[in-house]
Structure formats: structure tokens, C-alpha cells
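The structure appears right after this line, and notes come after that.
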Amino acid sequence: MGERIGIEVSLAIAEAAKMANVDVIAAYPITPQTHIVEHLAELVASGEMDAEYILAESEHSAMSACLGSSAVGARTFTATAGQGLELMHEVLYVASAMRLPVVMAVANRALSSPLNVWGDQSDLMAVRDTGWIQIICENGQEAFDHTLCAFRIAEDQRVLLPVMIHTDGFYLTHVVEPIEFPKQDEVDRFLPPYQYPLPLDPDKPVTMGAFAPPILYSEAKKAQEVNIRASKKIILDHWAEFGKAFGRHYHPIEQYRTEGSKTLLMTLGSFGETAMTAVDKMRNEGKDVGLLKLRLWRPFPFEELRQAVGNAEVLIVVDRALSFGGPGGPAYSEVRSALYSKKKRPRIVGFIGGLGGRDITVAEFEGMVKRGVEMVKAGSEQEFEMFGVRE
Amino acid sequence: MTVNKIGLLEIRWHGRGGQGAVTSAELLAQAAIDEGKYAQAFPAFGPERRGAPVVAFDRIDSQSPIRVRAEIREPDVVIVLDPTLLHVVRVTAGLKNNGILVINSRKNFEEIEKDFGSNWKLALVDATKIAYEILGLPIVNTTMLGALLKVVGVVKIESLFKPINERFGHIAEKNINAVKKAFEETVVKE
């Protein structure tokens, strides 16, 4: 095994990209992602990393450059956050539709206005439908591990899709914590070299992502949909291989103390750890509360969710994003939709909290569970509630 | 004089932007992690400005992984790098009763207690003087690590040397000397 190091999570993500032998990084710095690309720039400048570093003039250009480098068969990495991810938006669809296995770390951040650089998942939810595989991390170790896994998943010739690794801005990116680093030869064994099946090559010209009139466009989109759905099984296979190689096992829905739970809490990302502490406290007080943590956001793990929910009576989903005028937080409304066809399904309560860098404490998670159960008992028809907001 | 606290220890650092409070918090966490402990270090999140009051945090636990991701509201220890902050920021906010207050100041116990009460275990050091003597600059972040360890044996003083060496390169030795000197000179009121 490798070494356990105290390191800032952003730097660990950059080190993962280095250990993955990335060929090209095209990026534009933005808080709270900056430390990732800054560290990569240092590694390239000092010669510790043999890669091309393209400092683009915007995120739109950064992602455009990533398309080109991935298409010629170069292993390509970038990182962004919040407004930067929004500026990339239109190019994100091109990456997935052209089947280019770009890997991107996203330091999840709130969206303007008012200007707010803090942790939030509004950026994550805004790119939900871009056709990328999306994986959400809970701590620094996961951010490191999933960056490595992302290349293996993305570049698998049965997948060939771009992957976003979501890591909560500040809550994870700016924290120094212990992370197990594997040895380089272990990473090399896990991650074979990138071989794009039909790279751009002047000697063998190909056309990519050209033009589709109405008679073709639907078929192209259907192919994309079939492809990303089918990727789930392959993602699980690669996570299983990762588990065998490194001893850390990952699942689309992580379960914590869910056995026999009548009440389940569900979180996405770094709040999972605080929620675990709240669950421990409630369990010690004899309350049958468990926790589900949604790791695989796209492709959505329908079967795994239904199984994990089991016979729970109340499911409380905590979102860090809003769908203005919509049916509650994005994760809440998707979970509710995924469980609608289940014959015996729990009552589902949605809370929105932790916006723009506001903490949710252990006590507040306990408060949410209490309030959620009360709402269900009172037969509340309310779709969702914004938690802890001053009015 | 050291307190070997088992379980979770929560520390809040007060400094001004550019004084290295965040760096100190990180060095301490790295030392603890190198000892096989669990630790987090993080700044108060958001943009920072040079000279403005800033805070940074450490959570250190010798036994269990740390599973809280939120700012520390009720610290066990507060460390103040800059004496001019004492009347700008309420540095004792949320500090637990019988918690530890480590201050860079030329004042004595009586003078500090007059302003801050005696609910805390107080440790004082003239870190600015030490920093001027050893580093030639009034940058006291590493010096205050020495002061902290005098009152809380949360890591071994030697465990700081590797992270300091990695962080500071050719000026690491001076910083290590500042840590040692502060460890000697810090006075603790029980």
C-alpha cells in the first residue's frame, strides 16, 4: 500500500491527475477550484509532470480545448466551479455527444447573483442534463479515488463519456485531511493508457459531431441515452476493481446504519459526514434513523435507490440547490419520481439547506429529521421546506 | 504543563490576512496526521484580504476519523496571533469554559484577565519579539505553534519539523527555532 498524507483536498485531486499521467490540462482558475489547477500548473512548470498546460482565456475556451485534445487521443483533465461551469455549459453537451472522455473536477459553488463564492450544489444541478457521468464525493479520499476511477470509466471503449467529479467547494477543496496515496505502479496497473478508437488524425481524416437534420438527430440522442444508461454496470465493475486493488469500495447509493430504519435521511456530498454524526447520535438515543448518500447522480441508480429505501416509512432528502418555482430540490424531485412506481413507498419530505456556504450542523440535521417526521405525521401536503431560513 | 486530551480537540486561530494563521492550522494538522492521528485544517471559507481579521480551524482526534464538516463554533482552544485583534474581534466567542486561550502579547496575566476574565486557562508569549529576533519579521504563525504545544500536547514538537521543512524550504530552520523558543518562553496560568 501507499502512504497516508495530510494534504489539502484540492492538491490531492491535482496529484491524482498527475498519477493518472494526464497529457493535457486546459483550464481557467476560479474560486474555489483554483488550487487544483494552480498545483497542476506548478507540477508542469517544474517538470514533475509531463503534460501540456493550456491556460485558456475563459472556461468556455478551456472546455473547447479539452474537446480537441481528447479527440486526438490525449488524456485530458480540467477543473472548474460555479460560474465557470455555467460559462462552459454549451460545450459540455458537445463533449458527451461526441463521446470524448474528458475528466473534470468541479468544486461545487453557488451561482450569482448575489455574488457568492461559497459551497453549494446549484452548479451541479444546472449541468444535470448535459450527458456527463456525474459522481459526487463526500471527503478528500473519495475525491482522490474518484478522480483516478473517472479516467478508467470515461476511457472504457464501452463507455467513452466525459465524467464530472463533484467535490463541495471549500467544505472539501480547502481542507487539509489525511488521504491514502497509492504507489505509482499500483495506479499504472489500474489505469491502462488511453486509446481513443477513432482519433483526429490528418492522415486518416474523420468528421466528429458534424450536423444532424431532423431525420438523424433523434437517433443520435437515442444512441447517447442507451450509451449512458448502459454505462452504469461498467461504472460498478470499475469501482469493484478499484475496491480489489485499493481496499476502498464504492456504490451508487451508500448506506449508513439503514438496517431496520423507519426513517431515512438522504444527502449528497460532504454533508454526508456531518449527517452520519447526527445519525449516530439519534441511534444512541434509540431512534431508528439511517442515512443514504447519493454518489452516482448520472446515470441515476434507480434500482439501487429502490432497494436501499426498502421498507422505510419516511425519507427526508436534503438538497443544496433550488429549482425556482419547481417541485422542490432537484435530488428530492428525482428521488420522488424514481420511487413513484414502487408499490410500498415512503412519504418523502424535501429540505433545502446549506446554500451559498451556510453550514448544516449536527444539531440541525437532527432538527430536520424531527421536523420531517412531524410533517409526515401531520399529513402535510407541503412539497418542501427551506430549512433554517430567516423570513 | 501539557494536557494530553484524548478524543476530539477543536482549535480556532485568529490572525490577520497574510500572517499565516491558515498555514499554522495546516502545519498542525499535517503533524497530527503524520503521527497517525485524524485531523482537519481549514480556513474560514471565502475570499480573504491582506490585513483583515481572519480565522482558521483545526480538528484533531487521536482515536476516530473526523466526521463533521462545519465551522467550529465552540472551540476547546483559541490562539490569537495578532495582539491588535484583541479589541477588534471577540476572540473568546464560544470558547468552552475552562478552555485554553493562547495569546501573543507583551502584557501579563493580570492585564489580560482584566479584559477577558479568568474563565480560561491562559497562555501568554511575546511572539512578535521572538519572531523579530529569529526570523527578522513580525510573522508569528510558526512561533505560536510552539506556544500552543506548551499548553496542549496535541502533537510532539518534533512532528512539526517535517511539515515546516516541506513548507518553508531554506527558511525552515529559522521557523523551527522560533517554535522551540516560543515553547520555552510561553508562560501558562493554571
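Hey, which of the helices (runs of 4 or more DSSP H) in segment A:184-299, taking only ones fully inside, have at least 1 residues that are in the same structural domain as A:TYR93 (by TED's automatic domain parsing) and at pLDDT 95 or above?
Passing ranges, in order: A:184-190, A:214-246.
Check segment B:78-89 and report whether any residue there is part of a loop (DSSP other than H, G, I, E, B) and either in contact with a helix residue (DSSP H, G or I) (Cβ under 6 Å, 6 or more places away or on another chain) or of a type in the set (Ser, Thr, Tyr) (or both).
Within segment B:78-89, one or more residues are part of a loop (DSSP other than H, G, I, E, B) and either in contact with a helix residue (DSSP H, G or I) (Cβ under 6 Å, 6 or more places away or on another chain) or of a type in the set (Ser, Thr, Tyr) (or both).
Could you please find all residues in segment A:227-276 being open to solvent by 50 Å² or more (accessible area, probe 1.4 Å) and basic (Lys, Arg)?
A:ARG229, A:LYS233, A:LYS244, A:ARG257, A:LYS262
Return a yes/no flag: does segment A:123-139 have any residue that is farther than 30 Å from A:ALA240 by Cβ, within 14 Å of chain B (Cβ to nearest Cβ) and surrounded by fewer than 24 Cβ atoms within 10 Å (Cβ to Cβ).
No, that holds for no residue.
Listed here are the residues, each with its yes/no results for (1) small (Gly, Ala, Ser); (2) on the phi < 0 side of the Ramachandran plot.
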| position | (1), (2) |
| --- | --- |
| A:VAL309 | no, yes |
| A:LEU315 | no, yes |
| A:GLY326 | yes, yes |
| A:GLU334 | no, yes |
| A:ALA338 | yes, yes |
| A:ILE352 | no, yes |
| A:GLY356 | yes, no |
| A:MET368 | no, yes |
| A:GLN382 | no, yes |
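Considering (1) within 14 Å of chain A (Cβ to nearest Cβ); (2) assigned to a loop (DSSP other than H, G, I, E, B), say which one B:GLN19 fails and leave the rest.
All conditions pass for B:GLN19, except number (1).
Hey, among the residues in segment A:279-290 that are buried (at least 22 other Cβ atoms within 10 Å of the Cβ) and touching a Gly at 6+ places or on another chain (Cβ under 9 Å), which one's farthest from A:VAL362 (Cα to Cα)?
Per the stated criteria, the residue is A:GLY290.
Where the second residue is part of a helix (DSSP H, G or I) and at pLDDT 95 or above and the first is within 14 Å of another protein chain (Cβ to nearest Cβ) and open to solvent by 30 Å² or more (accessible area, probe 1.4 Å) and lies in segment A:360-380, which pairs have Cβ atoms under 8 Å and are six or more apart or on separate chains?
From residues that are within 14 Å of another protein chain (Cβ to nearest Cβ) and open to solvent by 30 Å² or more (accessible area, probe 1.4 Å), the pairs are A:ALA363/A:ALA278; A:GLU366/A:ALA278; A:GLU366/A:LYS281; A:GLU366/A:MET282.
If A:ALA275 meets every condition in (1) within 30 Å of A:GLN184 (Cα to Cα); (2) within 11 Å of chain B (Cβ to nearest Cβ) apart from one, which number is that one?
(1)
Could you look through segment B:41-65, keep only residues that are assigned to a loop (DSSP other than H, G, I, E, B) and within 8 Å of another protein chain (Cβ to nearest Cβ), and pick out the one that is surrounded by the most Cβ atoms within 10 Å (Cβ to Cβ)?
Once the filter is applied, the top-ranked residue is B:PHE45.
Please go through segment A:170-185 and pick out each residue that is over 14 Å from A:GLN141 (Cβ atoms), buried (at least 16 other Cβ atoms within 10 Å of the Cβ) and more than 14 Å from chain B (Cβ to nearest Cβ).
The answer is none; no residue qualifies.
Among the residues of segment B:71-79, is any within 14 Å of chain A (Cβ to nearest Cβ), touching a residue at least 24 places away in the same chain (Cβ under 8 Å), open to solvent by less than 20 Å² (accessible area, probe 1.4 Å) and in contact with an Asp or Glu (Cβ under 9 Å, 6 or more places away or on another chain)?
Yes; the residues of segment B:71-79 include at least one that is within 14 Å of chain A (Cβ to nearest Cβ), touching a residue at least 24 places away in the same chain (Cβ under 8 Å), open to solvent by less than 20 Å² (accessible area, probe 1.4 Å) and in contact with an Asp or Glu (Cβ under 9 Å, 6 or more places away or on another chain).
Among (1) closer than 18 Å to A:THR277 by Cβ; (2) part of a helix (DSSP H, G or I), where does A:ILE316 come up short?
So A:ILE316 meets the others, but not (2).
Within segment A:98-120, track down each residue that is surrounded by 22 or more Cβ atoms within 10 Å (Cβ to Cβ) and either away from every other protein chain (no Cβ under 14 Å) or small (Gly, Ala, Ser) (or both).
A:ARG99, A:LEU100, A:PRO101, A:VAL102, A:VAL103, A:MET104, A:ALA105, A:VAL106, A:ALA107, A:ALA110, A:GLY119
Might you let me know whether segment B:32-40 holds any residue that is open to solvent by 30 Å² or more (accessible area, probe 1.4 Å), within 8 Å of another protein chain (Cβ to nearest Cβ) and touching a residue at least 24 places away in the same chain (Cβ under 8 Å)?
Scanning segment B:32-40 turns up at least one residue that is open to solvent by 30 Å² or more (accessible area, probe 1.4 Å), within 8 Å of another protein chain (Cβ to nearest Cβ) and touching a residue at least 24 places away in the same chain (Cβ under 8 Å).
Answer yes if at least one residue in segment A:140-161 is in contact with a Gly (Cβ under 8 Å, 6 or more places away or on another chain), open to solvent by 10 Å² or more (accessible area, probe 1.4 Å) and either within 14 Å of another protein chain (Cβ to nearest Cβ) or over 26 Å from A:GLY68 (Cβ atoms) (or both), and no otherwise.
No, segment A:140-161 has no match at all.
Determine if segment A:230-246 includes at least one residue that is of a type outside the set (Asp, Glu), within 14 Å of another protein chain (Cβ to nearest Cβ) and under 29 Å from A:PHE351 (Cβ atoms).
Checked segment A:230-246: no residue is of a type outside the set (Asp, Glu), within 14 Å of another protein chain (Cβ to nearest Cβ) and under 29 Å from A:PHE351 (Cβ atoms).
For segment A:13-31, how many residues are within 14 Å of chain B (Cβ to nearest Cβ) and in contact with an Asp or Glu (Cβ under 9 Å, 6 or more places away or on another chain)?
Result for segment A:13-31: 2.
Find the residue count for segment A:32-49, including only residues that are within 14 Å of chain B (Cβ to nearest Cβ), crowded, with 17+ Cβ neighbours inside 10 Å and in a loop (DSSP other than H, G, I, E, B).
2
The values are calculated or read from the model by the stated rules, or taken from the named source; none is laboratory data. Values in this document were obtained by computation on a predicted structure and should not be read as measured data. We place every Cβ from the backbone using ideal geometry, glycine too, and count neighbours over all the protein chains shown. All accessible areas refer to the heavy atoms of the entire protein, side chains included, with ligands and DNA or RNA removed. Shrake-Rupley method; radii C 1.70, N 1.55, O 1.52, S 1.80 Å.
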